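K.L.:
For reference, the structure I am asking about is given below.
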Amino acid sequence: MEQWMRQGFHWLAANPSANRWARRWGLRFGAARFVAGETLEKALDVVRDLNRRGLEVTLDHLGESVTDAAEAEEAVRACLETLEGIDRTGVRSHLSIKLTQLGLDIDRSLTEKQVVQILERAGKAGTFVRIDMEDSARLPATLDLFKTVRRVYDHVGIVIQAYLYRSEQDLRELETLGANVRLVKGAYREPPSLAFPSKRDVDENMKKLIDMHLQSGCYTAVASHDPAILGHTRERVEQWSVPRDRFEFQMLYGIRPDLQRDLVEKGYRVRVYVPYGTDWFAYFMRRLAERPANVWFVLKNVGRHAG
Ligand SMILES: Cc1cc2nc3c(=O)[nH]c(=O)nc-3n(C[C@H](O)[C@H](O)[C@H](O)COP(=O)(O)OP(=O)(O)OC[C@H]3O[C@@H](n4cnc5c(N)ncnc54)[C@H](O)[C@@H]3O)c2cc1C
């Protein structure tokens, strides 16, 4: 049953009509638990509030893969506007970007130019840009583009997904560039030929990659809500005396705020990934796919709108 629900949510996330339909409705069905708002100003209010509570942020202007250059230009404009907002208000926030939003499927050289434009603006704002990792079909191009810009810019990082068999090798190569890496379990539907099918193997690989990257001396962002992964990381950083400014924890907005608070109280750097924008549907569906139990929360909200 759970497997079937997960597949359904992944299918909906990738369905253009469902995404268009949702955009017309505005943030509903409990999506506001995971999405900070539809406008930049609302998102900046959320960032301010999180900063006040000792949390760092990375803002993400929501959107999925685009199909023409005009849409890609629009996505770049939104990223630049976000950086402008961070600069103007002085909030403590990084920016997370997705390359398919910037036209990766249409024209790679155009996407590279867009990323450079974003990195130039981020440099002026004194902030950091993280390139999110998408599904395995986009991984080689995403890594290539990252390596190209990393040779020029320091304030850019990437993501490695522990569910993929190839990740250990990829991480090793990234370490030779001194890359700042966010380690995650992985959020897309991948075949067993490419990804560990069992959760236990993914968890073990995640721990292995965390150990590798912490020992490499490169900056490590451990992005997880799993208490076992957080506990493992805390043990290792104590054991190896990793300075607190060489690693951080990251969690998604609306998920396990209790753990976020607890880590801040213990003196760790914690960054919350805050998505915003009108294109919230696919992101919301992926959060439901990760945890089908959230569907009860959605149904309660549907009931509220209907009633
Ligand atoms: C900051 C951040 C950035 C990310 N960036 C990427 C990326 O670029 N590419 C990518 O593929 N993936 C990304 N992910 C998603 C990641 O790959 C996982 O899908 C997601 O974090 C769930 O895995 P977990 O480590 O929290 O552990 P899990 O074992 O899946 O979950 C552990 C516990 O966390 C809680 N939890 C997890 N998910 C949810 C949820 N949706 N709703 C409510 N509770 C939940 C539950 O208590 C659960 O028991 C990112 C995650 C974070 C936190």
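A short reminder: the numbers here are calculations on the coordinates, not readings from a lab. Predicted model, so just to flag it, every value in this text is computed and none were measured. In this analysis, Cβ positions are derived from the backbone assuming ideal geometry, glycine residues included, and neighbour counts consider all displayed protein chains.
K.L.:
Give the calculated FRET efficiency between Asn51 and Ser193 to the nearest 0.05, with a Förster radius of 41 Å applied to their Cβ-Cβ distance. Please report the intermediate quantities before stating the final value.
P.N.:
Numbers: r = 43 Å, r/R0 = 1.05.
With a Förster radius of 41 Å, E is 0.40.
K.L.:
For the chain, what are the DSSP H helices with axial Cα length of 27 Å or more and mean Kyte-Doolittle hydropathy of at least -1.0? Before the final figure, lay out the partial values.
P.N.:
Numbers: long enough: 69-89 (30 Å, -0.19).
The answer, listed by residue number, is 69-89.
K.L.:
Now a separate question. Of the DSSP beta bridges with both residues in region 35-279, give the percent that are antiparallel, rounding to the nearest 5. Spell out each step's value before the answer.
P.N.:
Numbers: 1 of 32 bridges.
The antiparallel fraction comes to roughly 5 percent.
K.L.:
For Arg246 paired with Lys42, estimate the spin-label separation in nm (one decimal), with each label point 7 Å from Cα along the Cα-to-Cβ line.
P.N.:
In this crude spin-label approximation the distance works out to 4.2 nm.
K.L.:
If you take the charge dipole of region 35-279 about its Cα centre, with +1 on Lys and Arg Cβ and -1 on Asp and Glu Cβ, which of Gly54, Pro192, Leu177 is farthest toward its positive end?
P.N.:
Farthest towards the positive end: Gly54.
K.L.:
With the Cα gyration tensor of the chain in hand, give its eigenvalues times 5 under a square root as the equivalent ellipsoid semi-axes, listed largest first in whole angstrom.
P.N.:
Over the Cα atoms of the chain, the semi-axes work out to 26, 24, 21 Å.
K.L.:
Take the alpha-carbon centre of region 104-183, take the same for region 6-24, and report the distance between them in whole Å.
P.N.:
Answer, in whole Å: 27.
K.L.:
I need the semi-axes of the equivalent ellipsoid of region 43-201: take the C-alpha gyration tensor, multiply each eigenvalue by 5, square-root it, list largest first in whole angstrom.
P.N.:
On the way: eigenvalues 133, 73, 49 Å².
The equivalent ellipsoid of region 43-201 has semi-axes of 26, 19, 16 Å.
K.L.:
Can you sort Asp105, Asp203 from fewest to most other Cβ atoms within 10 Å of each residue's own Cβ?
P.N.:
Values: Asp105 15, Asp203 19.
Going from least to most buried by this count: Asp105, Asp203.
K.L.:
Can you pull the one-decimal nm distance between simple spin-label points at Glu175 and Arg33, each 7 Å off the Cα toward Cβ?
P.N.:
Reported label-point gap for Glu175 and Arg33 is 3.8 nm.
K.L.:
I've got another one for you. Which FRET efficiency, nearest 0.05, do Glu81 and Leu110 yield, Cβ-Cβ r, R0 30 Å? Walk me through the numbers before you get to the answer.
P.N.:
On the way: r = 19 Å, r/R0 = 0.64.
Computed FRET efficiency for Glu81 and Leu110: 0.95.
K.L.:
Another question about this same structure. If neighbour count is taken as other Cβ atoms inside 10 Å, put Leu55, Leu12 in order from fewest to most. Don't jump to the answer; show the numbers that get you there.
P.N.:
Values: Leu55 22, Leu12 19.
With the sparsest Cβ surroundings first, the list reads Leu12, Leu55.
K.L.:
Right, next: For region 150-224, state the average projected area of the convex hull of the C-alpha atoms over all orientations, rounded to one decimal in nm².
P.N.:
4.9 nm²
K.L.:
Give me the net charge for the shell around Leu40: Cβ to Cβ below 11 angstrom, other residues only, Lys and Arg +1, Asp and Glu -1. Show your work: numbers first, answer last.
P.N.:
Details: positive: Lys42, Arg88; negative: Glu38, Glu41, Asp45, Glu81, Glu84.
Spelling it out: positives minus negatives among the neighbours equals -3.
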